Every structure is written in structure tokens, then in C-alpha cells.
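Okay, structure first, notes after.
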Amino acid sequence: MRGNVVGHAADSIPGEILRGAGTALHVQLRELLRSYISTALQPGAPFPSERDLSARFQLARMTVRHAIDSLVDEQVLDRVVGLGTFVSRPKFDLQVKLTSYSEEMQRRGMTPAAQVLSFEKIPATARLARELHLEEGQAVIRFRRLLLADDEPMSVDENFIPAHRVPGILDQPPPTSLYNVLSERYGLVMEWGEDTIEATAASPSIARLLKVEMGAPVLRIQRHAYVSRAMVDYSVSFYRADRYKLWVPLQRPGARPRTTHTPSSVNGV
């Protein structure tokens, strides 16, 4: 049924290919498709198949594929193996900073929300003890959340804080902004941090929370945040790779800082 709907959509694409016009056929098709996408389709919408487009415009499949490949390269369309081609969703620039997720989403005109998955005290495992510079078994506060924007899941964040740094934190409801609580209630203002960013595949639990396919690409960001020289927060976040792209400013050592275009930062803290 879905294939019939998409096939019908190919017949409704306006415009015609002008042979002998001096512009390559695949370029003409690419621009017709681009216009159709921008005016008639929503992000995430399924896109007609190469076969349907070939029949609609009376073009060879190779010509149609060339046009679609160009739009995929431009991130106008996305190919999903086994499912088809879809209109790309806009990707947010992920400039990693010690900033508030809620404030950033509001600045973008989106409504932020968080679903608390766990807020508890646990003994530090060997890994957590190593990451937080603690003794194994010391008490750690675990705060795990699903972060959303306009009711759509964006990332899964898990923070670990030495319990002795935040006495009584579990006596209150889970914070809406963790870093604000650390700053205002405990005087712990994050001064600097170190992030490790890597691409990985969504595990079954992460895929279920982010509403992506199991094994879909996600960005994994591991953070160590400090107050002075003291480790205060260790976190691991999983971002949907279809909604974020990484933006990294570069400068040659010793060069004078220049004013550059700065995309907005996004981080779930």
C-alpha cells in the first residue's frame, strides 16, 4: 500500500524535462525534485522510487539515480537500507559546550522536555571509579534521562556524580537542569571539561528510547567535567546521528582569533 502511495506521488511531481535544452538531464531532474521536496514534502516523508521517477519523467534509471545521489550528497534526501529514500530531517549543529540543553532548545524555538529514567544512588563500579577518580564501591549519584524537543527524542544522557559532592540531592525531585542545581545549590560551577566523541551503533535499549532502528548510527559523547582540578561529573550521551552534525572550530596555534560563523551549541546537560 505504501509503495502505491509513493508511486502516485511521482505522478504528481510538477515540471517537465526539456531535452536539447543545453542542461544535463540529471541536473534538470535534480532541480525539479529539489523544488518538489521544498514545497510539498515534510521532513521524514517517503520519496518516490527510482523506478517510479523513471516512468514519470521517461528517463533512464541511471539518470534518475544520478539526480538522487546528488540530493543525498547534499543531505536533502536520506537513503535507508531496506526501507527506501526519505526527505532528510534538519540536523542541528552540535558544538560541544558546557551549556544547558533546555536553554538551547528554547532558543531554537523548540519545546524541551526530559523523561527521567533513573535518579538514584549506586556503588561505583570499577569503570565508574576509574572515570571519577574514586574508590570502587563509593557512592555515586546516577541521573539518566531521555531528552526531547517538540516531543521527539534527541538524546539519552547518563550523568554520574560523586555522592559526597551533592548531599541531599535525592531528597528533592529530579532536577530539570542538572548543572543549574549543581551551581546554585552546591556551588559547583563547571569550569572545563574533556569530551570523547565517536560514532557507534544503537544498542537495543538506546534504539528503543531514541525511536531508531537497532544498529542505527548514533553519536556517543563521553564527558569528564571539572571544578578547578576536581572531577565532578562523568557522563555518557547518545545523540541521534540523523538529527545532529558535529561543528568544530579550528585555529592555528598562535594565530589571532578571527570572527567566524558560529552555529548554536547543543548539549544535554
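Quick look at the numbers
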quantity	calculated
Of all residues making up segment 184-205, the number that are more than 30 Å from Ala241 (Cβ to Cβ) and either in contact (Cβ under 8 Å) with a residue 24 or more places away in the chain or not in a helix (DSSP H, G or I) (or both)	3
Candidates Glu158, Glu194, Glu184, Glu136 - the one that is of a type in the set (Asp, Glu), more than 19 Å from Ser118 (Cβ to Cβ), in the same structural domain as Met110 (by TED's automatic domain parsing) and within 22 Å of the chain's Cα centre (by Cα)	Glu194
Wholly within segment 44-142, strands (runs of 3 or more DSSP E) carrying at least 2 residues that are on the phi < 0 side of the Ramachandran plot, of a type outside the set (Gly, Ala, Ser) and modelled with pLDDT of 90 or more	112-123
Selected residue [touching a strand residue (DSSP E or B) at 6+ places or on another chain (Cβ under 9 Å), modelled with pLDDT of 90 or more and among the acidic types (Asp, Glu)] from Asp171, Asp150, Asp157, Asp195	Asp157
Residue count, segment 56-79 (criterion: touching a residue at least 60 places away in the same chain (Cβ under 8 Å) and either hydrophobic (A, V, I, L, M, F, W, C) or surrounded by fewer than 18 Cβ atoms within 10 Å (Cβ to Cβ) (or both))	0
Conditions (1) modelled with pLDDT of 85 or more; (2) acidic (Asp, Glu); (3) out of contact with any strand residue (DSSP E or B) (no Cβ under 6 Å at 6 or more places or on another chain): number failed by Asp242	(1)
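The values are calculated or read from the model by the stated rules, or taken from the named source; none is laboratory data. Source: prediction; values computed, not measured. Glycine gets a Cβ as well: all are built from the backbone with ideal geometry, and neighbour counts include every protein chain shown.
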